[in-house]
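The values are calculated or read from the model by the stated rules, or taken from the named source; none is laboratory data. Since the model is a prediction, treat every value here as computed from it, not as a measurement. Glycine gets a Cβ as well: all are built from the backbone with ideal geometry, and neighbour counts include every protein chain shown. To get the accessible areas, we keep the full protein, side chains included, count just its heavy atoms, and leave off ligands, DNA and RNA. Shrake-Rupley method; radii C 1.70, N 1.55, O 1.52, S 1.80 Å.
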Amino acid sequence: MTGPTRAEYCVIACAEAWRDDGEVLASPMGLIPSIGARLARLTFAPELLLTDGEALLVRPDGTPEGWLPYREHLAWVTGGRRHVMMGASQIDRFGNQNIACIGDWERPRRQLLGVRGAPVNTLNNPTSYWIPRHSRRVFVDRVDMVCGVGYDRAAGARYHRIPRVVSDLGVFDFATPDRSMRLASLHPGVTVEQVKEATGFELTVPDEVPATREPTDEELRLIREVVDPAGARAREVAA
């Protein structure tokens, strides 16, 4: 078996977001987070609940295993029993996320997806982020519009938590005294200098930064043969 690719390290890093969550509803948004959630369910997180995004709970192969009507889904969303992994057009050092617009919101240079459910997600259940192209355009000093709420704005929010941010360069968390972003691990082949250069604010960087966890042989087999046999992950992270 060949060694893991950068995309597969990203899958593992996303899967780890749901470790020890127990019976919560996983809501991965994007290809690699979806592969990660399914891998977590098949390995170290057997209690994780997966959904088809409508009304069914599903197994990792997509076959139905339960029913989750929308009214019940909303109760889970607002009660801390869901863990979302969203994308971000911009994210800042405290985890504020923007998916709405670039520039002044009254007259933006570019209109994006819109605020949608980001405030509800971030204030009412744990929210992690997946960013496939780490750059200063995404990791910014200040987001143009706050959609997902960061640690500097979430005082008193009972279920607010940002477990991790995963990019194609590494893994980040907020395990610092002021809850600002910290470099938690580097994907193999990536240097601290590369991450700093691609980030538009000052990161907290430990004296020694560990490497992102390697997938086991069984995890690699599951990724390649069961969860993503067509290799779609390589279209999102090619290295």
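Test ALA40 against the stated conditions and say whether it is more than 20 Å from HIS134 (Cα to Cα), out of contact with any strand residue (DSSP E or B) (no Cβ under 7 Å at 6 or more places or on another chain), surrounded by 21 or more Cβ atoms within 10 Å (Cβ to Cβ) and among the small types (Gly, Ala, Ser).
Considered against the rule, which asks whether it is more than 20 Å from HIS134 (Cα to Cα), out of contact with any strand residue (DSSP E or B) (no Cβ under 7 Å at 6 or more places or on another chain), surrounded by 21 or more Cβ atoms within 10 Å (Cβ to Cβ) and among the small types (Gly, Ala, Ser), ALA40 comes out as yes.
Output yes when any residue across region 206-216 is open to solvent by less than 80 Å² (accessible area, probe 1.4 Å), small (Gly, Ala, Ser) and in a loop (DSSP other than H, G, I, E, B), and no when none is.
Within region 206-216 (the criterion being open to solvent by less than 80 Å² (accessible area, probe 1.4 Å), small (Gly, Ala, Ser) and in a loop (DSSP other than H, G, I, E, B)), the answer is no, since none of the residues qualifies.
Go through region 146-163 and report how many residues are open to solvent by 80 Å² or more (accessible area, probe 1.4 Å) and in a loop (DSSP other than H, G, I, E, B). Full working, then the answer.
Applying the first criterion (open to solvent by 80 Å² or more (accessible area, probe 1.4 Å)) to region 146-163 yields 152-153, 155-156, 158, 161.
Filter again for in a loop (DSSP other than H, G, I, E, B), leaving 155-156, 158, 161.
Going through region 146-163 one residue at a time, the tally reaches 4.
Which number in (1) within 24 Å of ALA15 (Cβ to Cβ); (2) touching a residue at least 40 places away in the same chain (Cβ under 8 Å) marks the one condition that ALA211 misses?
(2)
Could you give me the residue pairs with C-beta distances under 8 Å whose first residue belongs to region 76-90 and is more than 18 Å from PRO33 (Cα to Cα), whose second residue is part of a strand (DSSP E or B) and among the charged types (D, E, K, R) wherever it lies, and which are 6+ apart or on separate chains?
Listed by first residue and then by second, the contacts come to TRP76/ARG82.
Return the residue satisfying two criteria in turn: it lies in region 87-107 and is open to solvent by less than 10 Å² (accessible area, probe 1.4 Å) and hydrophobic (A, V, I, L, M, F, W, C), and of such residues it is nearest to ALA154 (Cα to Cα).
ILE91
Suppose the filter is among the hydrophobic types (A, V, I, L, M, F, W, C), more than 26 Å from ARG182 (Cβ to Cβ) and open to solvent by 10 Å² or more (accessible area, probe 1.4 Å); does LEU123 pass it?
No: the conditions fail for LEU123.
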